[in-house]
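See structure below.
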Amino acid sequence: MKKQLLFSFLALFGAITFSAHAQVGNTCDNPIIINALPFQASGNTADYGDDVDLVQGTLCGAVPSNTNYLAGNEVFYSYTATENVPVSFVMTPGSPTSTNSGIFVYEGCANVGVSCVAGLANSNANVRTVTASLLAGHTYIIAIASGPSTQTILYNLIIQKELCSPKPSGLAADNITTTSASLAWFTNLGATSSEIAIQLAGSIIPQGPGVAATNQLFEATNLTPATEYQFWVRDECETGSGIFTPWAGPYLFNTLICDATAACNYVFRMTDSANNGWNGARMQVRQNGIVVATIGSTYNLGSGPG
Ligand SMILES: [Ca+2]
Ligand SMILES: [Ca+2]
């Protein structure tokens, strides 16, 4: 009977261990496969477990270099290059508490904890951008992790070919109506030809070509009222070449909810039972997800109404 129980326990333990490691992305030998660039993904390293605690290795951009930025949870991606090309890896920590994070690019699993081809890790939560010249047919491992005092981070990862650079900057939306917007950007190449992609907010980086645009301006029309959009833009390296910079973006904007003549005014009466105002608190008023007002800044004293 005891043997039977022990066997059952071992079988159960084995199943739990197996399931903990079976999820794609948890370990280097079972990574999330990136099939094509550009690529974008968001995630939480807590979903991929704490399976590896090797110190990241040399040439990994870790500051200080002896801090183990694989100490916390970690996620693994894999990309096999199809051409010799420089590639940028941009990891944006997803919240102010996503500190002590790192992104490490290795050539193959054998180099995890040994040596990076590119990497960056430090104590803050700033965007991490690294580039590496990838070789056709070689498989690269991208590890995102944190440590030792931050167990888990939220992250956004964007990987793009750098066929020419720099990409555009200064993206902006102006003259917004219920169905249109003037979209503009700045070229850092002196380019006159670009491509633009307009999407619903929250979409991933464009997976195909955009719409041709010239002279850093595009009039977006036939948009849907009261809708959150975003756009990306890329400059053509040389006019007519069909080769582009990486995408710049996303830049978020929204169409108007209604024409100004059809808008209604509402009065919000703020009160406070502690008789000392809202203590810096703010309240966003949203319609269809779009912020139409932010109140609270005028109410700093008394019980109200403020
Ligand atoms: Ca893991
Ligand atoms: Ca770890």
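The values are calculated or read from the model by the stated rules, or taken from the named source; none is laboratory data. Note that the coordinates shown come from a computational prediction; the quantities given were computed from them, not determined experimentally. Virtual Cβ from ideal backbone geometry, glycine too; neighbours counted across all protein chains shown.
Values computed for the structure shown
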| item | result |
| --- | --- |
| Check on E238, of a type in the set (D, E, K, R), in a loop (DSSP other than H, G, I, E, B) and more than 24 Å from L256 (Cα to Cα) | yes |
| Region 83-107: number of residues that are more than 17 Å from T152 (Cα to Cα) and either of a type in the set (S, T, Y) or free of Cβ contacts under 8 Å to residues at least 12 places away in the same chain (or both) | 2 |
| In region 150-191, the residues that are hydroxyl-bearing (S, T, Y) and within 21 Å of the chain's Cα centre (by Cα) | T150, T152, Y155, S165, S169 |
| Subset of region 160-187 [aliphatic (A, V, I, L, M) and over 15 Å from Y229 (Cα atoms)] | L163 |
| Selection count, region 25-70, where residues are more than 15 Å from ligand 2 (Cβ to nearest atom), hydroxyl-bearing (S, T, Y) and touching a residue at least 40 places away in the same chain (Cβ under 8 Å) | 2 |
| Test: residue in region 255-275 that is among the aromatic types (F, W, Y) and farther than 22 Å from F186 by Cα | yes |
| A110 vs. criteria free of Cβ contacts under 8 Å to residues at least 24 places away in the same chain and not acidic (D, E) | yes |
| Among the residues listed as T17, T45, T27, the single one being within 16 Å of ligand 1 (Cβ to nearest atom), modelled with pLDDT under 95 and β-branched (V, I, T) | T17 |
